Amino acid sequence: MRRALLLLLPCSAALIAAPNDTAAVLPFANSTTNANVDWIGVSISENLRDGLSSRGLVTLGRDDIQEAYRRLHLRDRALLTEASAIKAGEALDAEQVVFGTFEFLPAPPAGTPGASAGSLKISAKIVDRRQLRQSPEFAETGALEDLPALEAHLAWRALVLLAPKLAPEESDFRSLRPSIRLDAEENYIRGLMARQPEQREKYFAQAARLDARFVHPCFELGLIHYQRKEYRQAAEWLQHAGPTDVEYHQASFFLGLALFQAGDYVGAQKALQTVAAVVPLSEVFNDLAAAESRRNLPQALDDFRKALDGDPNDPVYHFNVGYALFKKGDFAAAADRFRAALDRNPDDQIATLLLGRCLKKQGLRSGDSGDARLQNLERLKTNFEERAYRQLKSVINPIPDPPQP
């Protein structure tokens, strides 16, 4: 029924996303039989997603889309009908769904030196589940070596269709997106597609070597080292992200965690303050406060309380507020927080121990080796829900209409 209604509406109708709409950019399907170029379809979707996100649209990540494909039993990079795209949008709870295909035609083997490696045709459509409409197909054609430029133009056209208020002049849009070497882009995308961790790391490292301006593989390498608890190496890669990069806030968050784990509390505080200023999430304030607490700064308690105010059901936040109060010697208030933590997690042995110390009014005893286990107990959060924050922000503060002439 949805498909029938969709096809009854005029294809030329403008698609304008509501301020709180979420967009899902699905992998572009390979319409040829050459599976070796499947990476091109993933590249198109990744760069489309980056282009839309960079201008403020809320987009779903690659992991979310892969999970939806698994639930719907869709093959990765499958050729989708409009009905399949709508189902994917429903599974992802996305109002706008961007999908399409590409066709690659290799150059003749006996080509002259310097000739193109082949030609591309990229075709895209947008389905608006909220208005039950679909856009006309829009396409890009060109040489394979011009893929970054084709993707940039495609992203700008999609942005104009979805959110014209957010779309700058195309020249300005392109100037914010450096043109990455094609071989670096291919290695990065093959890293995303690789199933074995060592293959992923190999491809990402090669992409970073080929183009020093390419932040995406640096970010992925930072996460790989962070997961291995190689915190200094993680920090070195994560600090490549700059304020204009789409992963800047997430990279800064994990940079703060890596520096914290490496014992650089000043660096951790600085990185997390950068994030807290624009993405004031509970997990950010919590980890910022943990770095401040390790430095015995008085603002740590206030920032722990900001985290708790944002999510009063999380036992970690209750514990950290209680621990900061315990360190100050405010035993009655600390006991209340430890009780709240235990209400939510009765098996928390450290909270039980600290509650007992509060009831006995026994603070930390300097020089007592038995109290060593009660030092540095601040608990970190490693989730970073920037997309949820941006969705909420778009509802509360929708994009204003442009001024009338």
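The values are calculated or read from the model by the stated rules, or taken from the named source; none is laboratory data. Predicted model only: the values in this text are computed from it and were never measured. Neighbour counts run over all protein chains shown; Cβ positions are idealised from the backbone, glycine included. What goes into the accessible areas is simple: the full protein's heavy atoms, side chains included, and nothing from ligands, DNA or RNA. Shrake-Rupley method; radii C 1.70, N 1.55, O 1.52, S 1.80 Å.
Run ILE40 past the list (1) more than 15 Å from THR22 (Cβ to Cβ); (2) open to solvent by 50 Å² or more (accessible area, probe 1.4 Å) and report the number of the one that doesn't hold. Looking at each condition in turn, ILE40 falls short on (2). Of all residues in the range 170-190, exactly one satisfies the criterion of being without any contact (Cβ under 8 Å) to a residue 60 or more places away in the chain, under 12 Å from TRP39 (Cα atoms) and either acidic (Asp, Glu) or open to solvent by 80 Å² or more (accessible area, probe 1.4 Å) (or both), namely ASP183. In the set (1) buried (at least 22 other Cβ atoms within 10 Å of the Cβ); (2) touching a residue at least 40 places away in the same chain (Cβ under 8 Å), the condition left unmet by VAL279 is number (1).
Once the range 246-276 is narrowed to residues that are touching a residue at least 60 places away in the same chain (Cβ under 8 Å) and more than 18 Å from ASP303 (Cβ to Cβ), the residue that is farthest from the chain's Cα centre (by Cα) is PHE254. For the range 163-174, the criterion of being aromatic (Phe, Trp, Tyr) and at pLDDT below 95 is met by at least one residue.
No other residue among PHE253, PHE285, PHE219, PHE214 is in contact with a Lys or Arg (Cβ under 6 Å, 6 or more places away or on another chain), of a type in the set (A, V, I, L, M, F, W, C) and crowded, with 17+ Cβ neighbours inside 10 Å apart from PHE285. Of note, GLU140 satisfies the criterion of being of a type in the set (D, E, K, R), at pLDDT 90 or above, open to solvent by 10 Å² or more (accessible area, probe 1.4 Å) and closer than 24 Å to ASN34 by Cα. Looking at ASP93, is it charged (D, E, K, R) and more than 23 Å from ARG177 (Cβ to Cβ)? Yes: the conditions hold for ASP93.
Considering ASN313, ASN296, the condition of being closer than 29 Å to GLY267 by Cβ, assigned to a loop (DSSP other than H, G, I, E, B) and open to solvent by 60 Å² or more (accessible area, probe 1.4 Å) is satisfied by ASN296 alone. When the range 42-85 is examined, which residues are found to be at pLDDT below 90, over 30 Å from SER175 (Cα atoms) and basic (Lys, Arg)? Across the range 42-85, the qualifying residue is only ARG75. Candidates in the range 191-211 are the residues that are free of Cβ contacts under 8 Å to residues at least 12 places away in the same chain and closer than 19 Å to ARG62 by Cα; of these, the one that is surrounded by the most Cβ atoms within 10 Å (Cβ to Cβ) is ALA194.
How many residues, within the range 86-124, are at pLDDT 90 or above and more than 22 Å from THR33 (Cα to Cα)? Counting residues in the range 86-124 that are at pLDDT 90 or above and more than 22 Å from THR33 (Cα to Cα) gives 13.
Every condition in (1) under 20 Å from ALA163 (Cβ atoms); (2) buried (at least 19 other Cβ atoms within 10 Å of the Cβ); (3) aliphatic (A, V, I, L, M) holds for ILE122 except the one numbered (1). For the range 371-401, the tally of residues that are more than 21 Å from the chain's Cα centre (by Cα) and at pLDDT 75 or above stands at 9. Among helices (runs of 4 or more DSSP H) entirely within the range 198-287, having at least 3 residues that are over 30 Å from ASN313 (Cα atoms) and not hydrophobic (A, V, I, L, M, F, W, C) singles out 215-227, 231-238. Taking every residue in the range 61-85 that is farther than 16 Å from SER31 by Cα and pairing it with any residue that is in a loop (DSSP other than H, G, I, E, B) and among the basic types (Lys, Arg), at least 6 positions away or on another chain, the pairs with Cβ-Cβ distances below 9 Å are TYR69/ARG75.
Of all residues in the range 331-351, those satisfying the criterion of being in a helix (DSSP H, G or I), surrounded by 14 or more Cβ atoms within 10 Å (Cβ to Cβ) and not aliphatic (A, V, I, L, M) are PHE331, ASP336, ARG337, PHE338, ARG339, ARG344.
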